[in-house]
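Q: Have a look at the structure that comes next, please.
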Amino acid sequence: MQHLKDTFKHKGKRKQLIMELSEMGIKDQRILDAFDQVPRHFFLDLAFDDQAYSNMAFQIGSGQTISHPYTVAFQTELLEIQKGEKVLEIGTGSGFQTSILCELGAKVFSIERHSDLHLAAKFVIEHLKYTPKLFFGDGYKGNALNAPFDKILVTCGAPEIPNELLKQLKVGGIMVIPVGEGQEQKMLKLIKQSETSFSKEEFGTFKFVPMLERTVKK
Ligand code: SAH
């Protein structure tokens, strides 16, 4: 469990991480500022406290990982978030990415299939006073009740583009999703052109935990 204390040391390390992300090609200052505001170490086990601001992924329980900071920043940049937009995230995980989206002023809806991760993320996010809607459920189904969404972000590796999610995206909306059957996925940015068509652009190879069906209660 974390102590939820943000020290000068953490803040200093956060500035270094932001410089690193900027050197790696993250251009959007709003995203770099959001990384300055959200204490990533809150979302990690105390054992990782010292490394929380290195560009690494860590175990968060239930066999899942928090994404690399660069991956979070990169996916967020592809989404081109504007204030007030409705964003659906699949894979709340630690809740770090969720908090970055909230910090950018999005109205966030996030789904997690592991109940223990869902609850742990809820605890930290509430502590930080962000107010996304967090759901325990199967992301393949999306969230029809709150659809359509301006943006959809998938933070687990999908074997294919889930049709239900495409349906829940607004025309003109953007979906960012890593797609691939094996250990690696291609980062795709889809723009929904009409109810029946979308454009697709590819942005390199990444490694995500797999997107799996059904919920897991522990
Ligand atoms: N955005 C997260 C990344 C966590 S890893 C973060 O910042 O920490 C991806 C998460 O997707 C895992 O927690 C995994 O349990 C979840 N996941 C996998 N398949 C899912 C599905 N079908 N529906 C919802 N969540 C899913």
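What follows draws every value from the coordinates through simple rules; no lab data is involved. Since we're looking at a predicted model, the values are computed, not measured. Positions of Cβ are backbone-derived with ideal geometry, glycine not excepted, and every protein chain shown enters the neighbour counts.
Q: Quick check: pseudo-label points 7 Å beyond the Cα along Cα→Cβ at GLU126 and LYS218, how many nm apart are they?
A: Roughly 2.0 nm, to one decimal.
Q: If you bin every alpha carbon distance in segment 1-49 into 5 Å steps from zero, what whole percent lands in each bin?
A: 5, 21, 28, 22, 15, 8, 2
Q: Show which aspartates and glutamates lie in cross-link reach of LYS218 when reach means a straight Cα distance below 16 angstrom and same-chain residues fewer than eight apart are skipped.
A: By straight Cα distance, LYS218 reaches GLU112, ASP116, ASP138.
Q: A further question on this structure: What nm value, rounded to one decimal, do you get for the distance between LYS141 and LYS167 when each label is placed 7 Å out toward the C-beta?
A: 1.3
Q: In Å³ and rounded to a whole number, note down the convex hull volume per residue for the Cα atoms of segment 30-87.
A: Dividing the Cα hull volume of segment 30-87 by its residues yields 102 Å³.
Q: Another one. Run lengths n ≥ 4 of DSSP H only: what is the helix-derived mean residue ellipticity at 222 nm for the chain, with -39500 (n - 2.57) per run over all residues, to the nearest 500?
A: -8500 deg cm²/dmol
Q: Next up: Just want to confirm a number: the relative contact order over the chain, from Cα pairs under 8 angstrom separated by 6+ residues, in percent.
A: 15
Q: Pairs to check: LYS5/LYS122; LYS15/LYS200; LYS129/LYS170. Give those whose C-alpha atoms are more than 26 Å from each other in this structure.
A: In this structure, LYS15/LYS200; LYS129/LYS170 exceed 26 Å between Cα atoms.
Q: Just to be sure I understand the model, the point goes 7 Å from the Cα along the line to the Cβ. What's the resulting ILE191 to GLN37 distance in nm?
A: Between ILE191 and GLN37, the label points sit 2.7 nm apart.
Q: Follow-up. Can you bin every Cα-Cα distance in segment 145-187 into 10 Å intervals starting at zero and give me the percent of pairs per bin, rounded to whole numbers?
A: Per 10 Å bin, starting at zero, the Cα-Cα P(r) for segment 145-187 comes out as 30, 50, 19, 1 percent.
Q: How much length would be gained if the chain were fully extended between ASN55 and LYS83, taking 0.36 nm per residue of separation minus their Cα-Cα distance, in nm to one decimal?
A: Numbers: separation 28, 0.36 × 28 = 10.08 nm, distance 2.67 nm.
Stretched fully, the ASN55-LYS83 segment lengthens by 7.4 nm.
Q: Follow-up. Two decimals is fine: what is log10 I(q)/I(0) at q = 0.12, 0.17, 0.18 Å⁻¹ for the chain, from a Debye sum with one equal scatterer on every Cα and no solvent?
A: Those come out to -0.58, -1.23, -1.40, one per q.
Q: If you count the DSSP beta bridges with both ends in the chain, what percent of them are antiparallel, to the nearest 5?
A: Working: 17 of 37 bridges.
Antiparallel bridges make up about 45 percent of those DSSP assigns within the chain.
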